Amino acid sequence: LREVEKRLERASLSSSEGHWEKDLVHGRMWFSSSYHALLGYDDGELKTTPEQSVELVHPEDMGGGREALLHHVERGEAFDVTLRLRMKNGQYRWFRHRGMAERDEQGLAVLVAGSIQDAHEQKLAEDALRLTQQRLERAINGTQDGLWEMDADGSSWHSPRVAELLGYETSELVTGANFLKQCLHADDAEAVANATRLHFQQRQPYDVEIRLRTRWDDYRWYRARATAERDA
């Protein structure tokens with residue numbers, strides 16, 4: 001038994017996971033030594049009563065943790081939730097919690113066993129990415145310019161403002177459509193080709209005035225400016 005326990009601890013430490021069990025019948029908790037180590041505690045230092053162990057969870061995350069556990073126990077939904085836990089030094093870090101219930105012959109959950117894994121850096125990166133995306137969306141929606149991108153493979157993207165400038169509803173000018181090619185006045189095709197060639201080959205500014213067909217089948221003048229991104 002001791003050898004099995006040592007093997008489990010070695011596996012836990014090598015995978016940077018901490019293991020836990022919640023006895024739903026007797027109201028007791030168990031934490032592996034790797035669980036203690038992830039939070040900066042000495043082995044056996046954490047309290048094992050549910051009331052004391054829940055104090056490790058950040059107050060803002062308690063509701064989500066309880067709801068996830070309840071849905072797993074009562075509905076069989078997967079228990080996989082990311083919560084902040086208080087380290088021994090008082091700081092909070094994000095940990096991914098996963099677990100599975102053991103049930104009796106009547107199908108009632110009697111124990112939930114699972115693991116935690118440090119997800120702090122990943123969570124911070126996800127939050128930073130989400131914030132950047134929100135800022136980009138605000139910038140796109142706030143500018144009066146129509147923004148667009150065209151990839152070397154022919155795919156394209158444009159902001160909703162492009163549709164508005166051409167008189168369309170946002171849903172009418174589908175993102176991915178090459179609106180410059182579709183709406184460009186035939187007499188301006190050469191000017192666009194020259195501007196593109198000079199920008200690509202001689203790095204001259206891409207800045208050209210062109211006519212684009214609007215929703216009402218007339219042509220309006222627009223100023224198109226762009227900068228190429230280049231590979232190595």
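Length gained on full extension, A37 to R203: 54.2 nm, using 0.36 nm per residue less the C-alpha separation. I'd like the FRET efficiency for T175 and T143, computed as 1/(1 + (r/R0)^6) with the beta carbon distance as r and R0 of 22 Å, rounded to 0.05. For R0 = 22 Å, the calculated efficiency reads 0.85. Among the trypsin sites (Lys or Arg not before Pro) found in region 1-62, those both in a DSSP coil and sparsely packed, with 14 or fewer other Cβ atoms within 10 Å of their Cβ, are K47. Computed from Cα positions, the angle between helix 2-14 and the longest principal axis of the chain comes to roughly 20 degrees. Counting charges near E55 (Lys, Arg +1; Asp, Glu -1) among other residues having Cβ under 9 Å from its Cβ returns a value of +1. Placing one equal scatterer on every Cα of region 148-189 and applying the Debye formula, the log10 ratio I(q)/I(0) at q = 0.14, 0.20, 0.28, 0.33 Å⁻¹ is -0.31, -0.62, -1.02, -1.16.
If R0 equals 35 Å, the separation of the Cβ atoms of E5 and T132 corresponds to a calculated FRET efficiency of about 0.20.
Under a Gaussian network description of the chain, with springs only between Cα atoms under 10 Å, the residue in I210, I140, I116 that fluctuates furthest is I210. Temperature 4 °C, viscosity 1.567 mPa s: under these conditions the Stokes-Einstein estimate for region 68-110, based on its Kirkwood radius over C-alpha pairs, is 109 µm² per second. Against the empirical 2.2 N^0.38 Å (N residues), region 20-79 has a Cα radius of gyration ratio of 1.19. In summary, the chain shows an alpha-carbon radius of gyration equal to 1.66 times the 2.2 N^0.38 Å reference for compact globular proteins. Using just its DSSP H runs of length 4 or more, each adding -39500 (n - 2.57), the chain gives a mean residue ellipticity at 222 nm of -11000 deg cm²/dmol after division by all residues.
For region 112-232, what is the convex hull volume of its Cα atoms per residue in Å³?
Hull volume normalised by residue count: 182 Å³.
Counting Lys +1, Arg +1, Asp -1, Glu -1, what net charge surrounds L39 among other residues with beta carbon under 13 Å of its beta carbon? Net charge in that neighbourhood comes out at -1. Across region 83-92, rounded Karplus estimates of 3J(HN,Hα) from the backbone phi angles (6.51 cos²θ - 1.76 cosθ + 1.60, θ = phi - 60°) give 10, 8, 10, 7, 6, 5, 7, x, 7, 10 Hz, Gly and Pro being marked x.
For region 1-128, the alpha carbon convex hull comes to 120 Å³ per residue, rounded to a whole number. Our coupling estimate for region 213-222, obtained by passing each phi through the Karplus curve with A = 6.51, B = -1.76, C = 1.60 and θ = phi - 60°, is 6, 8, 4, 8, 6, 9, 10, 10, 7, 9 Hz, Gly and Pro reported as x. Sites listed here are trypsin sites (Lys or Arg not before Pro) in region 122-208 whose DSSP assignment is loop and whose Cβ has at most 14 other Cβ atoms within 10 Å: R203.
Taken together, the values in this text are just the output of simple stated rules run on the coordinates, not laboratory data. The shown structure was predicted, so the numbers you read here are calculated from the model rather than taken from an experiment. Every residue, glycine among them, receives a Cβ derived from its backbone with ideal geometry; neighbour counts consider all protein chains shown.
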